[in-house]
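All remarks here apply to the structure that follows.
The values are calculated or read from the model by the stated rules, or taken from the named source; none is laboratory data. Quick caveat: nothing in here was measured; it's all calculated off a predicted structure. Using ideal geometry, Cβ is built from the backbone for each residue, glycine included, and neighbour counts are taken over all protein chains shown. Note: areas computed on protein heavy atoms with side chains; ligands, DNA, RNA excluded. Shrake-Rupley method; radii C 1.70, N 1.55, O 1.52, S 1.80 Å.
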Amino acid sequence: MSDDKFPGWHGTTIIGVRKGGKVVIAGDGQVSVGQTVMKGTARKVRRLSPGGMDVVAGFAGSTADAFTLLERLESKLEAVPGQLARAAVELAKDWRTDKYLKNLEAMLIVTDGKDLFVITGAGDVLEPEHDVTAIGSGGNFALAAGRAMMDTDKDAETIARDAMKIAADICVYTNGNLTVETIDE
(Lines give C-alpha, C1' and ligand atoms only; values in the text may rest on other atoms or scores of the structure.)
Protein backbone atom coordinates (compact mmCIF):
# COMPACT_ATOMS: atom_id res chain seq x y z
CA MET A 1 0.00 0.00 0.00
CA SER A 2 1.42 3.35 -0.96
CA ASP A 3 -0.63 6.48 -1.45
CA ASP A 4 -0.81 10.21 -0.73
CA LYS A 5 -2.07 9.78 2.85
CA PHE A 6 0.55 7.25 3.90
CA PRO A 7 3.52 7.61 1.54
CA GLY A 8 6.00 4.79 1.83
CA TRP A 9 3.77 2.44 3.85
CA HIS A 10 4.11 -1.10 2.57
CA GLY A 11 3.63 -4.51 3.97
CA THR A 12 2.10 -7.87 3.89
CA THR A 13 1.59 -10.85 1.74
CA ILE A 14 -1.47 -13.04 2.22
CA ILE A 15 -2.13 -16.27 0.30
CA GLY A 16 -5.15 -18.56 0.19
CA VAL A 17 -4.83 -22.14 -1.08
CA ARG A 18 -7.59 -24.75 -1.52
CA LYS A 19 -6.49 -28.35 -2.11
CA GLY A 20 -7.30 -31.83 -0.86
CA GLY A 21 -10.34 -30.89 1.21
CA LYS A 22 -8.57 -28.09 3.08
CA VAL A 23 -8.31 -24.34 2.65
CA VAL A 24 -5.32 -22.54 4.12
CA ILE A 25 -4.78 -18.82 4.53
CA ALA A 26 -1.25 -17.75 5.43
CA GLY A 27 0.13 -14.27 6.00
CA ASP A 28 3.47 -12.79 6.89
CA GLY A 29 4.09 -10.43 9.78
CA GLN A 30 5.91 -7.49 8.22
CA VAL A 31 4.87 -3.87 8.27
CA SER A 32 7.33 -1.44 6.65
CA VAL A 33 7.57 2.32 6.30
CA GLY A 34 9.88 3.17 3.45
CA GLN A 35 13.08 1.26 4.04
CA THR A 36 12.32 0.56 7.69
CA VAL A 37 10.62 -2.53 9.10
CA MET A 38 8.25 -1.15 11.73
CA LYS A 39 7.07 -4.54 12.93
CA GLY A 40 7.93 -8.06 11.90
CA THR A 41 5.35 -10.02 13.87
CA ALA A 42 1.98 -8.49 12.96
CA ARG A 43 -0.92 -10.97 12.88
CA LYS A 44 -2.89 -10.47 9.66
CA VAL A 45 -4.73 -13.78 9.49
CA ARG A 46 -7.62 -14.36 11.87
CA ARG A 47 -10.28 -16.94 12.61
CA LEU A 48 -13.76 -15.49 13.02
CA SER A 49 -16.75 -17.37 14.42
CA PRO A 50 -19.88 -15.32 13.70
CA GLY A 51 -22.97 -17.26 14.68
CA GLY A 52 -20.81 -20.30 15.50
CA MET A 53 -19.63 -20.71 11.89
CA ASP A 54 -15.85 -20.68 11.37
CA VAL A 55 -14.46 -18.25 8.80
CA VAL A 56 -10.78 -17.52 8.23
CA ALA A 57 -9.76 -14.09 6.95
CA GLY A 58 -6.47 -12.51 5.96
CA PHE A 59 -5.97 -8.85 5.19
CA ALA A 60 -3.54 -6.54 3.47
CA GLY A 61 -3.54 -2.78 3.79
CA SER A 62 -4.35 -0.53 6.70
CA THR A 63 -4.85 -2.54 9.90
CA ALA A 64 -7.54 -0.24 11.32
CA ASP A 65 -9.38 -0.30 7.98
CA ALA A 66 -9.11 -4.08 7.78
CA PHE A 67 -10.45 -4.51 11.32
CA THR A 68 -13.41 -2.29 10.42
CA LEU A 69 -14.09 -4.47 7.38
CA LEU A 70 -13.73 -7.69 9.40
CA GLU A 71 -16.26 -6.38 11.94
CA ARG A 72 -18.66 -5.55 9.10
CA LEU A 73 -18.13 -9.00 7.57
CA GLU A 74 -18.90 -10.62 10.93
CA SER A 75 -22.15 -8.66 11.22
CA LYS A 76 -23.10 -9.63 7.65
CA LEU A 77 -22.40 -13.29 8.47
CA GLU A 78 -24.50 -13.08 11.62
CA ALA A 79 -27.38 -11.81 9.48
CA VAL A 80 -26.99 -14.66 6.95
CA PRO A 81 -25.33 -17.55 8.84
CA GLY A 82 -23.45 -20.04 6.72
CA GLN A 83 -23.71 -17.90 3.56
CA LEU A 84 -20.21 -16.48 3.04
CA ALA A 85 -20.83 -15.61 -0.62
CA ARG A 86 -23.91 -13.56 0.20
CA ALA A 87 -22.20 -11.85 3.15
CA ALA A 88 -19.14 -11.06 1.00
CA VAL A 89 -21.27 -9.51 -1.75
CA GLU A 90 -23.20 -7.43 0.79
CA LEU A 91 -19.92 -6.23 2.33
CA ALA A 92 -18.49 -5.36 -1.10
CA LYS A 93 -21.66 -3.43 -2.00
CA ASP A 94 -21.49 -1.46 1.25
CA TRP A 95 -17.76 -0.91 0.87
CA ARG A 96 -18.20 0.53 -2.60
CA THR A 97 -21.20 2.75 -1.88
CA ASP A 98 -20.97 3.79 1.79
CA LYS A 99 -19.52 7.28 2.25
CA TYR A 100 -17.30 6.15 5.14
CA LEU A 101 -16.38 2.67 3.99
CA LYS A 102 -15.34 3.64 0.45
CA ASN A 103 -12.28 5.40 1.91
CA LEU A 104 -11.00 2.25 3.61
CA GLU A 105 -7.77 0.89 2.18
CA ALA A 106 -7.46 -2.84 2.63
CA MET A 107 -8.17 -6.11 0.83
CA LEU A 108 -9.45 -9.35 2.31
CA ILE A 109 -9.10 -13.04 1.54
CA VAL A 110 -11.88 -15.00 3.26
CA THR A 111 -12.94 -18.63 3.41
CA ASP A 112 -15.43 -20.80 5.23
CA GLY A 113 -13.76 -23.96 3.95
CA LYS A 114 -16.20 -24.22 1.07
CA ASP A 115 -15.79 -20.84 -0.62
CA LEU A 116 -12.58 -18.82 -1.09
CA PHE A 117 -12.89 -15.13 -2.01
CA VAL A 118 -10.90 -11.94 -2.41
CA ILE A 119 -12.98 -8.91 -1.43
CA THR A 120 -11.94 -5.43 -2.59
CA GLY A 121 -13.14 -1.87 -2.12
CA ALA A 122 -13.92 -1.66 -5.83
CA GLY A 123 -16.92 -3.90 -5.20
CA ASP A 124 -15.19 -7.10 -6.27
CA VAL A 125 -15.83 -10.53 -4.78
CA LEU A 126 -13.43 -12.73 -6.68
CA GLU A 127 -13.17 -16.51 -6.51
CA PRO A 128 -9.79 -17.79 -7.74
CA GLU A 129 -9.76 -19.85 -10.94
CA HIS A 130 -6.99 -22.17 -9.85
CA ASP A 131 -7.72 -22.49 -6.11
CA VAL A 132 -4.88 -20.10 -5.22
CA THR A 133 -5.16 -16.37 -4.55
CA ALA A 134 -2.88 -13.78 -2.98
CA ILE A 135 -2.91 -10.10 -2.05
CA GLY A 136 -0.50 -7.52 -0.72
CA SER A 137 2.96 -6.30 -1.60
CA GLY A 138 4.31 -9.76 -2.32
CA GLY A 139 1.00 -11.17 -3.51
CA ASN A 140 2.00 -11.69 -7.12
CA PHE A 141 5.15 -13.57 -6.09
CA ALA A 142 3.20 -15.81 -3.70
CA LEU A 143 0.45 -16.36 -6.28
CA ALA A 144 2.90 -17.41 -9.00
CA ALA A 145 4.75 -19.75 -6.64
CA GLY A 146 1.53 -21.25 -5.29
CA ARG A 147 0.07 -21.86 -8.74
CA ALA A 148 3.30 -23.53 -9.83
CA MET A 149 3.00 -26.01 -6.94
CA MET A 150 -0.68 -26.91 -7.33
CA ASP A 151 0.04 -29.89 -9.61
CA THR A 152 2.54 -31.39 -7.17
CA ASP A 153 1.73 -33.83 -4.37
CA LYS A 154 2.13 -31.07 -1.75
CA ASP A 155 -0.87 -30.36 0.47
CA ALA A 156 -2.51 -26.94 0.83
CA GLU A 157 -0.56 -25.89 3.91
CA THR A 158 2.80 -26.88 2.43
CA ILE A 159 2.01 -25.00 -0.77
CA ALA A 160 1.00 -21.89 1.22
CA ARG A 161 4.13 -22.03 3.40
CA ASP A 162 6.48 -22.68 0.46
CA ALA A 163 4.88 -19.93 -1.64
CA MET A 164 5.22 -17.49 1.25
CA LYS A 165 8.88 -18.45 1.66
CA ILE A 166 9.49 -17.72 -2.03
CA ALA A 167 7.65 -14.39 -1.76
CA ALA A 168 9.71 -13.46 1.32
CA ASP A 169 12.92 -14.27 -0.56
CA ILE A 170 11.89 -11.92 -3.41
CA CYS A 171 9.78 -9.13 -1.89
CA VAL A 172 11.45 -6.81 0.63
CA TYR A 173 8.03 -6.05 2.14
CA THR A 174 7.39 -9.71 3.06
CA ASN A 175 9.01 -11.74 5.84
CA GLY A 176 8.93 -15.35 7.03
CA ASN A 177 7.01 -14.80 10.29
CA LEU A 178 3.85 -16.62 9.24
CA THR A 179 0.40 -16.92 10.70
CA VAL A 180 -1.34 -19.94 9.16
CA GLU A 181 -4.97 -20.92 9.61
CA THR A 182 -6.53 -24.07 8.11
CA ILE A 183 -10.18 -24.90 7.68
CA ASP A 184 -11.74 -28.08 6.25
CA GLU A 185 -14.03 -27.99 3.20
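Dipole size in debye (nearest 20) for the stretch 10-182 around its Cα centre, Lys and Arg Cβ +1, Asp and Glu Cβ -1?
260
Would you kindly calculate the translational diffusion coefficient of the stretch 61-153, applying Stokes-Einstein with the Kirkwood radius from alpha carbon pairs, for 4 °C and a viscosity of 1.567 mPa s, and quote it in µm² s⁻¹ without decimals? Before the final figure, lay out each step's value.
Working: Rh = 13.9 Å.
Roughly 93 µm²/s, to the nearest whole number.
Taking a threshold of 20 Å on the Cα-Cα distance, which of the pairs 76/102; 44/154; 39/102; 19/154; 22/154 fall above it? Walk me through the intermediate numbers first.
Numbers: 76/102 17 Å; 44/154 24 Å; 39/102 27 Å; 19/154 9 Å; 22/154 12 Å.
Exceeds cut-off: 44/154; 39/102.
By DSSP, what percent of the beta bridges with both residues in the stretch 10-182 are antiparallel, rounded to the nearest 5?
100
Put +1 on the Cβ of every Lys and Arg and -1 on every Asp and Glu Cβ in the chain; which of 119, 15, 36 then has its Cα farthest towards the positive end of the dipole?
Result: 36.
Apply the Karplus parameterisation 6.51 cos²θ - 1.76 cosθ + 1.60, with θ equal to phi minus 60°, to every residue of the stretch 40-45 and state each ³J(HN,Hα) to the nearest whole Hz, in sequence, with x for glycine and proline.
Coupling constants for the stretch 40-45: x, 10, 5, 10, 10, 10 Hz.
Report the semi-axes of the equivalent ellipsoid for the stretch 1-138 in whole Å, largest first, where each axis is √(5λ) for an eigenvalue λ of the Cα gyration tensor.
Semi-axes from the Cα gyration tensor: 24, 18, 13 Å.
Roughly how much of residue 47 is accessible, in Å² to the nearest 10, using a 1.4 Å probe?
90
With every protein chain left in place, what is the accessible area per residue of the stretch 10-182 in square angstrom, probe 1.4 Å?
Normalised by residue count, the accessible surface of the stretch 10-182 is 45 Å².
With unit charges on the beta carbon (Lys/Arg positive, Asp/Glu negative), name the residue among 53, 182, 171 whose Cα is farthest towards the positive pole of the charge dipole of the chain.
The residue sitting most towards the positive pole is 171.
Tabulate in residue order the Karplus-calculated ³J(HN,Hα) for the stretch 87-102, using 6.51 cos²θ - 1.76 cosθ + 1.60 with θ = phi - 60°, rounded to whole Hz; enter x for Gly and Pro.
Taking θ as phi minus 60°, the curve returns 5, 5, 5, 5, 4, 4, 5, 4, 4, 6, 9, 5, 4, 7, 5, 5 Hz for the stretch 87-102.
Count neighbours as other Cβ atoms within 10 Å of each site's Cβ, and list the chymotrypsin sites (Phe, Trp or Tyr not before Pro) in the stretch 66-143 that are DSSP loop with at most 13 such neighbours.
100
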